[in-house]
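Below is one structure, written out as structure tokens, with a few remarks after it.
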Amino acid sequence: MAATTLVNRDLEIGREILAALTKAGISVNVAFWAYVPQISEWQLFIATSLVDSKGPKAAYDQVLRTLHNAGMDPEHPWRRIFLRSPKDAVLKTLEDRTSYS
């Protein structure tokens with residue numbers, strides 16, 4: 001089955017999410033959309049040091065509260081946001097593959 005295309009609205013949502021997090025002082029090391037074929041859906045992965053400093057649950061609480069306070073609830077797909085540590089092995093591999101020296 002062919003992958004669905006990442007649409008402009010998803011890209012816009014990602015930019016809005018990152019802007020809200022930046023405005024709130026939440027550091028984001030890297031963020032990207034990844035297609036998950038098992039569920040035929042694009043998901044937004046965000047690497048933030050909050051996962052390391054506060055733990056995953058508290059990091060999600062803070063990020064979702066920040067997005068809620070920014071008025072982003074009605075149209076943003078919270079279930080499609082995944083927080084990761086910047087030390088996550090998969091993210092490190094992606095970073096190593098895309099770094100230019």
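The values are calculated or read from the model by the stated rules, or taken from the named source; none is laboratory data. Note that the structure is predicted; figures quoted are calculated from it, not measured. So basically every Cβ, Gly included, is an ideal-geometry build from the backbone, and we count neighbours across all protein chains shown. To get the accessible areas, we keep the full protein, side chains included, count just its heavy atoms, and leave off ligands, DNA and RNA. Shrake-Rupley method; radii C 1.70, N 1.55, O 1.52, S 1.80 Å.
Which residue is farthest from SER53 (Cα to Cα), if the candidates are limited to the range 20-38 and must be under 13 Å from the mean Cα position of the chain (by Cα), aliphatic (A, V, I, L, M) and open to solvent by less than 60 Å² (accessible area, probe 1.4 Å)?
Step by step, filter the range 20-38, then rank; the result is ALA34.
Would you check if PHE45 is touching a Lys or Arg at 6+ places or on another chain (Cβ under 7 Å) and among the hydrophobic types (A, V, I, L, M, F, W, C)?
Here the answer is yes, as PHE45 does meet what is asked.
Please tell me if LYS92 is of a type in the set (Lys, Arg), open to solvent by 60 Å² or more (accessible area, probe 1.4 Å) and at pLDDT below 90.
yes
Could you give every pair whose Cβ atoms fall below 8 Å, whose first residue belongs to the range 72-101 and is within 23 Å of LYS54 (Cα to Cα), and whose second residue is at pLDDT below 85 and open to solvent by 30 Å² or more (accessible area, probe 1.4 Å), counting only separations of at least 6 or pairs across chains?
As it stands, the answer is ARG84/VAL90, since those pairs meet every condition given.
Restricting the search to the range 1-10, which residues are open to solvent by less than 60 Å² (accessible area, probe 1.4 Å) and under 18 Å from MET72 (Cβ atoms)?
ASP10
All but one of (1) assigned to a helix (DSSP H, G or I); (2) modelled with pLDDT under 95 hold for GLN43; state the number of the condition that does not hold.
GLN43 satisfies all of (1) assigned to a helix (DSSP H, G or I); (2) modelled with pLDDT under 95 except (1).
Which residues, taken from the range 68-85, are open to solvent by less than 30 Å² (accessible area, probe 1.4 Å), assigned to a loop (DSSP other than H, G, I, E, B) and modelled with pLDDT of 90 or more?
SER85
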